[in-house]
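Peer 1: Before I ask anything, let me first share the structure, which is written out below as structure tokens.
The values are calculated or read from the model by the stated rules, or taken from the named source; none is laboratory data. Note that this is a predicted model, so its numbers are computed, not measured. Virtual Cβ from ideal backbone geometry, glycine too; neighbours counted across all protein chains shown.
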Amino acid sequence: MHRNLDGKGLRSLVVAGLVLVAVACAPEPVPSVAPSVSSSARVPGDGSIPDNESISLNDNEHAAIANLDPALLAAVREAAVDAQAQKVELKVTSGWRSAQYQQRLMDDAVARYRSEKEARRWVQTPEKSKHVTGTAIDIGPTNAADWLIRHGADYGLCQAYAHEMWHFELLTTRGGQCPQPISVPPA
């Protein structure tokens, strides 16, 4: 039996068809460039924090916090107090890293990108990583990183890389102006 569609029914059918086409044609999701090491490769005391987890800025027992540069940690803690007053909680997704942990991140990136040169665009070597020196920190969740991008200069904290909204370093004086984030990491 053939049924005539009214205007509303036809619109619904067209919208449903367009949604199906859009889903079928959608590109594969872009993988995160955030370094990651499988949980089986984690070593106690290396500064690693499991993927999709975070720790408190006050977790002084965790190597990722305990080994941070004191000036960086003080600035981030001060920012966290002010952010909390605006109902934004800053959590640490990565802080200090041991050279061995950073090397594992690099090794994983080489395997992922199938090239050491390409891997170096996204993950620094232990010799160059600011995480190894304790002078870089990664902040989450997204609303917290966004808050710190907008207010970080008040504490001397700046987003270092344009493609890593979560990565912060002390790059200016308190209340100064942050430099433009690096758009393409050096190889």
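Peer 1: Given the conditions (1) at negative phi; (2) of a type in the set (Gly, Ala, Ser); (3) in contact with a Phe, Trp or Tyr (Cβ under 7 Å, 6 or more places away or on another chain), and given that Ala144 satisfies all but one, which numbered condition is not satisfied?
Peer 2: Checking Ala144 against (1) at negative phi; (2) of a type in the set (Gly, Ala, Ser); (3) in contact with a Phe, Trp or Tyr (Cβ under 7 Å, 6 or more places away or on another chain), the one that fails is (3).
Peer 1: List, please: which pairs have Cβ atoms under 9 Å, are six or more places apart or on different chains, and start with a residue in the range 160-184 that is touching a residue at least 40 places away in the same chain (Cβ under 8 Å) and within 22 Å of Val132 (Cα to Cα) and end with one that is among the acidic types (Asp, Glu) and outside any loop (DSSP other than H, G, I, E, B)?
Peer 2: If the second residue must be among the acidic types (Asp, Glu) and outside any loop (DSSP other than H, G, I, E, B), the pairs left are Glu164/Asp138; Trp166/Asp138; Phe168/Asp138.
Peer 1: Asp138 is checked against (1) closer than 16 Å to Met165 by Cβ; (2) touching a helix residue (DSSP H, G or I) at 6+ places or on another chain (Cβ under 9 Å); (3) charged (D, E, K, R); (4) surrounded by fewer than 21 Cβ atoms within 10 Å (Cβ to Cβ) and fails just one. What number does that condition carry?
Peer 2: Status for Asp138: all satisfied but (4).
Peer 1: I've got another one for you. When you check Asn52 against the structure, is it at pLDDT 95 or above and loosely packed, with under 13 Cβ neighbours inside 10 Å, yes or no?
Peer 2: No.
Peer 1: Just one of the numbered conditions (1) under 14 Å from Phe168 (Cβ atoms); (2) in contact with a strand residue (DSSP E or B) (Cβ under 9 Å, 6 or more places away or on another chain) is not true of His62; which one?
Peer 2: Looking at each condition in turn, His62 falls short on (1).
Peer 1: Hey, another quick one. Filtering the range 69-122 down to residues that are under 17 Å from Gly140 (Cβ atoms), charged (D, E, K, R) and under 17 Å from the mean Cα position of the chain (by Cα), which residue is surrounded by the most Cβ atoms within 10 Å (Cβ to Cβ)?
Peer 2: The extreme case among them is Arg97.
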